[in-house]
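There's a structure below that I have some questions on.
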Amino acid sequence: MKSFFVACAFLFFVTIAHGQWLNYPTKNAPRTKDGKPDMSAPTPRTKDGEPDITGIWLANGLKYLISIAADLKPDEVPFQPWAAVLYKERRENLGRDDPNNLCLPSGTPEKEAVTSPFKIMQFPDEMLILYESRTIYRQIFTDGRPLPKDPTPTWQGYSIGRWEGDDFVVETIGITSKVWMDTNGHPITEAAHVTERFRRHDYGHMDIQITIDDPKAYTKPWTIVENPHLLADTELLESVCEENNKDARHIVGK
Amino acid sequence: MIAAVVFLALAPHVVAAPDLSGVWEPEGLQSMHAAAGPLLLHPEAAKGQDPDANCTLSGIPRLDLGPKPFKILQSPDEVVILYQAFTTFRQVFTDGRPLPSDPQPSWLGYSVGKWDGDTLVVDTVGFNDTTWLDNAGTPHSESLHVTERFHRRDTGHLDIQITVDDPKTFRHPFTVTQHARLAPAIELTEFICLENRK
C-alpha cells in the first residue's frame, strides 16, 4: 500500500510540473491536420538507417514502478530463496527502506519506470539519457568498448549499447545491490547483467524489453516488457528531491 | 567550368561550429571573491552554511569551477553539459529559442546558447537564491544572469569567461575566467551526494 502512495507522489509531481513549463515545439515532429504530434506516424530513422529513439519518453502509469514483475504471476519470478525472503520482508515493511524515500536515486533498471520523463539523446559515441527525476543522467557507450572487468558498483551501473536490427540493445553491469528494482522491493545484486532492448514501434510508442540475469538473486534470467510513450512539445524540468524531503522522519514501516 | 564557378559562388557559406566535446577538468579558479568581494552591495550579510551540504545542486557557475570534471556533448540544437558533481546535467539550447520570460526559479537556471565565431556564448537566467556562486560562499539573488563564453583555445584547453550580472547583489557586473584541460583518458564517475556526505 505504501508503495502505491510513494508511486502516486511521483505521478502527482509530474502532473503539476508540466503545467508550469515553457512549451516548445518538437523539431521535425510529424503532425496531424490540427497541428498535434502524430503519435501513430512511422518510426523516424537516423541518417544511418537505424530507428531514431531520441525524444522525451514517459512510463505509462505506475504499474512497473510499483512492481517490475507486474505482468508476471508471482511464481514466475525465479527468486533465490534468500531473495524471496528479502522481498517478502520489504513488502511487509511497507517499503520502509526503499532508497527513494531518502532521495537516493532509482538505479538501473527501475529508472525508466519512474513516472517522470526521461530524454534520450544520441551522440556519435554514446546514447545519453537525461532523467527529470533527480536531474541525473546515464551514459550508454556505443563506441565499441567492452564492459569493464570489475566495475565499482553504482546506482546506474556501467552501460554499453549497440544496434541489432531495429533494437537498440543495452547491457549493464556493476549495479549496486542497494538498488530496489521497484517500490515493492524486487532485489538486484552486483552480480546482475541487465539487458534492455529499446524498440520504437511508431512515432509515439516504444517497448523496452528488460532481461534480468542475476544468478545471485534469481535462479534464472527473466524478462519483462515496459512501454513508455513519447511526450512531444515539451522539455524536462529540473527536479531536486533533497529540496523538499521533509517527510523522511514520517516514514512508516516495521 | 563556368557552371562550377557559379555553383560555388552561390553555395551557402556553411561554417561548422567548433567542437567543444570532451571530458574537461577545471583548473585553478574556485573562488570569485577577489573580483566579487569589493562589489558586494551587502558585504555584511551572513554567509550561512554551504547549501551543497544538503545535497541539493550547486548552481552555475559553481559547477563550472570544479574541482570535479564535466563532459560536453554537442548536437546542432543543444549542447549538454554533464557534471560529475551530483551526476547532474545542464541543457544549453542552441536552436534559437529565447530565454524564458518568467521562469520558475531553479538550481541550474535555464540556458540558451549561440555561436559568436568560435565562441559558444551561453546565457542563463531563472536561478533560485539558495546556492553559492563559488566555493567561497559568494552570494547571489534570483536576479542573477550568468553569461559564459566557452572558447576552445586548442585541442587540450578550454577557456570559460564567466560574467556575473546581478544588480541586487553586486554594484556592477564582473568577469572572471576559468580554464579547463581536456582529460581524454577518463570518464565521469557516478557521484551520489547523499552517499558521500560526511
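The values are calculated or read from the model by the stated rules, or taken from the named source; none is laboratory data. In this text, all values refer to a predicted model and were calculated from it rather than measured experimentally. We place every Cβ from the backbone using ideal geometry, glycine too, and count neighbours over all the protein chains shown. Heads up: the accessible areas ignore ligands, DNA and RNA and are worked out on the full protein's heavy atoms, side chains in. Shrake-Rupley method; radii C 1.70, N 1.55, O 1.52, S 1.80 Å.
Label-point separation (nm) for residue A:46 and residue A:202, each offset 7 Å from Cα along Cα-to-Cβ?
Label-label distance for residue A:46 and residue A:202, simple model: 2.4 nm.
Now a separate question. Round to a whole angstrom and tell me the spacing of the C-alpha centers of region B:16-86 and region A:94-147.
Computed from Cα coordinates, the inter-centre distance equals 23 Å.
Now for a separate question. Pop the C-beta distance of residue A:125 and residue B:129 into the FRET formula with R0 = 25 Å and round what comes out to the nearest 0.05. Let's see the in-between values first.
Values: r = 38 Å, r/R0 = 1.52.
Plugging the Cβ-Cβ distance into 1/(1 + (r/R0)^6) gives 0.10.
Kirkwood Rh and Cα-based Rg: tell me the resulting Rg over Rh for region A:97-150, rounded to two decimals. Walk me through the intermediate numbers first.
Working: Rg = 13.1 Å, Rh = 12.6 Å.
Over the Cα atoms of region A:97-150, Rg/Rh equals 1.04.
Could you give the length gained on full extension between residue A:242 and residue A:72, defined as 0.36 nm per residue of separation minus the Cα-Cα distance, in nm?
Numbers: separation 170, 0.36 × 170 = 61.20 nm, distance 3.40 nm.
Full extension of this stretch gives 57.8 nm more.
Work out Dmax and Rg for region A:97-254 from the C-alpha atoms and quote the Rg first, both in angstrom.
Using the Cα atoms of region A:97-254, the pair Rg, Dmax is 16.0, 49 Å.
From the residues B:189, B:160, B:115, which one has its Cα farthest along the dipole of region B:16-196 in the positive direction, the dipole being from +1 and -1 charges on Cβ of Lys/Arg and Asp/Glu about the Cα centre?
Projecting each Cα onto the dipole axis, the largest value belongs to B:160.
Report the net charge of residues surrounding residue A:173, where surrounding means a beta-carbon distance below 11 angstrom and charges are Lys +1, Arg +1, Asp -1, Glu -1.
Working: positive: A:149; negative: A:150, A:171, A:190, A:213, A:214.
Surrounding charge for residue A:173 is -4.
At 7 Å along the Cα-to-beta-carbon direction for both residue B:77 and residue A:89, put a label point, then send me their distance in nm to one decimal.
In this crude spin-label approximation the distance works out to 4.8 nm.
Taking the inverse of the average 1/r across all pairs of different Cα atoms in region B:16-196, what Kirkwood radius in Å do you get?
Values: mean 1/r = 0.0602 Å⁻¹.
Evaluated over region B:16-196, this radius sits at 16.6 Å.
Shifting gears a bit: Can you work out the PRE-style zone for residue A:162? Point 7 Å along Cα to Cβ, and I want the residues of region A:129-145 with backbone N under 20 Å.
Inside the label zone: A:139-145.
Given B:81, B:92, B:48, which one lies farthest toward the positive end of the charge dipole of region B:16-196, if we put +1 on the Cβ of every Lys and Arg and -1 on the Cβ of every Asp and Glu?
Comparing the listed Cα positions along the dipole, B:48 ranks first.
Which of A:104, A:230, A:65 moves most in a GNM of chain A, Cα contacts under 10 Å?
Sorting by GNM fluctuation, first place goes to A:104.
Helix A:2-20 sits at what angle to the longest principal axis of chain A, using alpha carbons and giving 0 to 90 degrees rounded to 10?
30
Heavy-atom accessible surface, probe 1.4 Å, ligands and DNA/RNA ignored: which residues of region B:49-79 lose at least 10 Å² versus the isolated chain?
Residues of region B:49-79 that lose at least 10 Å² of accessible area once the other chains are added: B:54, B:55, B:56, B:57, B:71, B:73, B:74, B:75, B:77, B:78.
Give me the percent relative contact order of region B:1-158, please, defined on Cα pairs under 8 angstrom at least 6 residues apart.
22
When the accessible area of the protein assembly as shown is computed with all protein chains present and a 1.4 Å probe, what percentage of it is carbon and sulfur? All intermediate terms of the calculation are to be shown ahead of the outcome.
Working: 11790 of 20950 Å².
Accessible surface attributable to carbon and sulfur in the protein assembly as shown totals 56 percent.
What is the distance, in nm, between label points placed 7 Å from the Cα along the Cα-to-Cβ direction at residue B:33 and at residue A:97?
Here the answer is 4.4 nm between the modelled labels.
Please identify, among B:25, B:44, B:78, the residue showing maximal mean-square fluctuation in a Gaussian network model of chain B using a 10 angstrom Cα cutoff.
Between B:25, B:44, B:78, it is B:44 that shows the largest mean-square fluctuation.
Give me the number: length gained by fully extending residue B:143 to residue B:183, i.e. 0.36 nm times residue separation minus the C-alpha to C-alpha distance, one decimal in nm. It would help to have the intermediate numbers written out before the result.
Numbers: separation 40, 0.36 × 40 = 14.40 nm, distance 3.42 nm.
Value of the extension gain: 11.0 nm.
Could I ask something else about it? Please go through region A:67-163 and write out the trypsin sites (Lys or Arg not before Pro) that DSSP classes as loop and that have at most 12 other C-beta atoms within 10 Å.
Details: sites: A:88, A:90, A:91, A:96, A:111, A:119, A:134, A:138, A:149, A:162; in loops: A:96, A:149.
For trypsin sites (Lys or Arg not before Pro) across region A:67-163 that sit outside H, G, I, E and B with at most 12 neighbouring Cβ atoms in 10 Å, the list reads A:149.
Now for a separate question. Ignoring ligands, DNA and RNA and using a 1.4 Å probe, state the total buried accessible area between A and B in Å², rounded to the nearest 100. Write down the numbers at each step before the final one.
Values: alone 12970 and 10800 Å², together 20950 Å².
Looking at A and B, the buried total is near 2800 Å².
List the trypsin sites (Lys or Arg not before Pro) in region B:69-175 that DSSP assigns to loop (not H, G, I, E or B) and whose Cβ has at most 14 other Cβ atoms within 10 Å. Which are they? Could the numbers behind the result be given before it?
Working: sites: B:71, B:90, B:114, B:149, B:152, B:153, B:168, B:171; in loops: B:168, B:171.
Passing both the DSSP loop test and the Cβ count: B:168, B:171.
If you don't mind, another one. Mind putting a number on the dipole of the protein assembly as shown about its Cα centre? Charges go on the C-beta only, +1 for Lys and Arg and -1 for Asp and Glu, and I need it in Debye to the nearest 20. Please list the in-between numbers first.
Numbers: 44 positive and 62 negative charges, 125 e Å.
It comes to approximately 600 debye.
What is chain A's relative contact order, in percent, from Cα pairs under 8 angstrom and six or more apart in sequence?
With pairs under 8 Å counted, the relative contact order is 26 percent.
Can you show me the helix-derived [θ] at 222 nm for chain B, built from DSSP H runs with n ≥ 4 at -39,500 (n - 2.57) apiece and divided by the number of residues, rounded to the nearest 500.
Helices in chain B give a 222 nm mean residue ellipticity of -2000 deg cm²/dmol.
Eigenvalues of the Cα gyration tensor times 5, then square-rooted: what semi-axes does that give for the protein assembly as shown, in whole angstrom, largest first?
Working: eigenvalues 273, 177, 88 Å².
Rounded to whole Å, the semi-axes are 37, 30, 21.
What FRET efficiency comes out for residue A:195 versus residue B:44 if R0 is 45 angstrom and r is the Cβ-Cβ distance? Round to the nearest 0.05.
Values: r = 59 Å, r/R0 = 1.31.
Here the calculated transfer efficiency is 0.15.
Between region A:213-235 and region A:159-186, how far is it from one alpha carbon centroid to the other, in angstrom?
If you average the Cα positions of each part, the centres end up 7 Å apart.
I've got another one for you. Mean residue ellipticity at 222 nm from the helices of chain A, using -39,500 (n - 2.57) per DSSP H segment of n ≥ 4 over the full residue count, to the nearest 500 deg cm²/dmol?
Roughly -4000 deg cm²/dmol at 222 nm, from the helical runs in chain A.
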